[in-house]
Amino acid sequence: MKKFGIIILLLGLLVSCNDKNRASSMDRQEVETSENVPPENIQKEREAVQTEVEPEAPVAVLKGRYRKLVKDKPAADCNCNCIEIDFDKPTEWCIEKDRMFITARVQRTGDNTANIYFVDVSRDDDREKKMPWADFDRDTPVASLEFHEDGSAKLDWKGFASGGEIATDYAILGKKTLEGTYKRDEE
């Protein structure tokens, strides 16, 4: 009985060694085959394997005036309820209705995303709040935009920053006025 068990054990080892030899010879064949393939064919094979990427939406499709949605309907007036998206030049943005406006630039960050950067104050009629406009960063986004296929855009207000950090005393400015979902006006 012991001899029979030893024979089965030896057969198992023999079979497993043969499997390893077959696997390593197949690996050698794959390496040898890929070494003989010209580089341009390898690149063609790689491109064929890659999935098709949707082209980036043209900037012209995203540019334009967007009207804030109020109870799922576009706001009746544009007084602090509209934003102008232009990737070529800064536009005016309402921070506090009838009181405070800034100039901001929009920079695309992906196929359907963009960041908004503070450029300068354009109107500040709030005599009670003295804003440190000169201290606010021009290279830290104050908000981000996410564009959707249905022609809407969602604005997420981050707030003004100073020294790369959110200026907590002024972070809420613009949040109530600007944050929300907008629908592109048909021109």
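The values are calculated or read from the model by the stated rules, or taken from the named source; none is laboratory data. Model, not experiment: these values are computed from the prediction. Note: ideal-geometry Cβ built from the backbone for every residue, glycine included; neighbour counts use all protein chains shown. Just so you know, the surface numbers come from the protein's heavy atoms only, side chains and all, with ligands and any DNA or RNA stripped out. Shrake-Rupley method; radii C 1.70, N 1.55, O 1.52, S 1.80 Å.
Couple of notes before you dig in:
- Of all residues making up the stretch 79-109, the number that are open to solvent by 20 Å² or more (accessible area, probe 1.4 Å) and at positive phi: 1
- Test: residue in the stretch 133-150 that is in contact (Cβ under 8 Å) with a residue 60 or more places away in the chain, closer than 18 Å to residue 181 by Cβ, open to solvent by 30 Å² or more (accessible area, probe 1.4 Å) and assigned to a strand (DSSP E or B): no
- The set of residues from the stretch 118-132 being out of contact with any helix residue (DSSP H, G or I) (no Cβ under 6 Å at 6 or more places or on another chain), among the aliphatic types (A, V, I, L, M) and either exposed (fewer than 12 other Cβ atoms within 10 Å of the Cβ) or farther than 16 Å from residue 168 by Cβ (or both) comprises just one member, 119.
- Checklist (1) open to solvent by less than 70 Å² (accessible area, probe 1.4 Å); (2) free of Cβ contacts under 8 Å to residues at least 40 places away in the same chain applied to residue 176, failing item: (1)
- Strands (runs of 3 or more DSSP E) (entirely within the stretch 57-105) containing at least 2 residues that are among the polar types (S, T, N, Q) and touching a Gly at 6+ places or on another chain (Cβ under 9 Å): none
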